[in-house]
Amino acid sequence: MTSAANSSLVEQRQRLRQRLQEQRQVIAQRLGSGSRVQSIYPRSMTMRLLTQRPGRFIQLLLMFATLLKTR
């Protein structure tokens, strides 16, 4: 590849990244206006349960294990 072709690919990548960033901002604005979207880490409910309420997670895990053991 020539340096012109490389710079063209770099420019295309930069434009694509810019478009993706703009689309993400539009989506975030639309979601933020209609619903309460939390942009904090962790985003998944499972990971929030594990990291923010480990005691509750252990209780649920024990309940599940007991349920399986009785069968």
Task: Radius 14 Å from Cβ of Gln23, net charge of other residues (Lys, Arg +1; Asp, Glu -1) - done: +4
Task: About the Cα centre, charge dipole magnitude for the chain (Lys/Arg +1, Asp/Glu -1 at Cβ), debye - done: 340 debye
TODO: With a/c under 1.5 counting as rounded, go ahead and sort the chain into rounded, prolate or oblate using the C-alpha gyration tensor (a ≥ b ≥ c being the square roots of the eigenvalues; past the cut-off, prolate if a/b is larger than b/c, else oblate).
DONE: prolate
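Rule-based calculations on the coordinates, nothing more; no lab input. Everything numeric in this text was worked out from a predicted model, so none of it was measured. As a convention, Cβ positions derive from the backbone with ideal geometry for all residues, glycine included, and neighbour counts pool all protein chains shown.
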